[in-house]
Structure formats: C-alpha cells, structure tokens
1. Counting only other residues whose beta carbon sits under 12 Å from that of S135, what net charge do I get with K and R as +1, D and E as -1?
2. Multiplying the sequence separation of T21 and D54 by 0.36 nm and subtracting their Cα-Cα distance, what value in nm do you get?
3. Assuming a ≥ b ≥ c are the square roots of the Cα gyration tensor eigenvalues, decide whether the range 26-164 counts as rounded (a/c under 1.5), prolate (otherwise, with a/b larger than b/c) or oblate.
4. If the only charges are +1 at each Lys and Arg Cβ and -1 at each Asp and Glu Cβ, what is the size of the charge dipole of the range 26-164 around the Cα centre, to the nearest 20 debye?
Amino acid sequence: MAKAPAPREQFKALDKSIPFTGPEAVDAACLECFAYDYAGTPHGDAMEIVTTTDEFTSVCPFSGLPDFAEVTIRYVPGELCLELRSLKYYLLSYRNVGIWYEHLVNRMLEDLVRACKPRRMTVEIECNPRGGLGSTVTASYDRAAMGPPERLARKIIRDGKRRPNA
C-alpha cells in the first residue's frame, strides 16, 4: 500500500492568494445621517445608540480568504444620527477589501465619526477565530478629549510607509 504524501507535499496552495481589493474600495460616501431632534436636551445628550451586526466580512490582506466578525458601534450622538440602511451599505463595502483588523477598526471609526460627528463613539470588532486565535479590536473617539472629527488624522500605508491622507 502506498504511503500518503506529507501535508506539505500534498497541498500546493500555500502560496495561493484569492484576488481582493484594497481599502480604497471602502465606500464612506454612502453614509447618510439624519437630524437628531433631542440634541441639547438632558435626556437626549445622555442617550447612547448601540448598533450590532454579526454579518460583517472583509478579507485577509495576505491570502484573500474571508474574515468574519461581529461589529458593535456605540455612540452618543451630537446633532446627527447614522441612518442604518446607509450603514449597512457601508459595512458591505468591506466585503472584498483586504485589510488588517487593527487598520479596519480605526478606518471604520474615522469614517463614522466624520459622517455623524458624535460626542463619543466606540467601534468594536470581534473577529471569528483563525487558527484558534480570536481577536477583539476596539477604537474610540471622544470629542471633548480629542477635538472635532476633522482633527482625526487618517493614515494610509503605501510601500510600507505611513503618510497622512490628503
């Protein structure tokens, strides 16, 4: 009886990558907001909005294989609230984007803060385990401590070097 080849000899897809797009494909322009009528009232300023989905997916920027995660967005609105249909389209725009979790959570925070200008916001991404390792990555914004959304300094990576986004 012939001996089965060792796994490294049997499987040749170790250097394979599925095609994917880069972070430039994320569609932040689709985000829409509506006026928050209770801004400036004691109870309105104390309100927190929590939106979750377990249907989020992006792809590994190395292999192109899908990554699945639960996304939780918590924010205290200022004058605007995120419109959920547009948020769903925004989240779907990550579907074929190759992006590290650590970059994804910061990119998402920056895009959402710029869109709705909240008083506070936290974005948490709980990633399904890969190789037995689960990751939860969180990024937060607080207008009182960090200044207006325009001051968020998005960085992009090109050729391994960080540069401010224009």
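Bear in mind that the values in this text are calculations on the coordinates, not laboratory data. It should be emphasised that the depicted structure is a prediction, and the values quoted were computed from it without experimental measurement. Using ideal geometry, Cβ is built from the backbone for each residue, glycine included, and neighbour counts are taken over all protein chains shown.
1. -4
2. 9.7 nm
3. Numbers: a/c = 1.97, a/b = 1.60, b/c = 1.23.
Note, shape of the range 26-164 comes out prolate.
4. 660 debye
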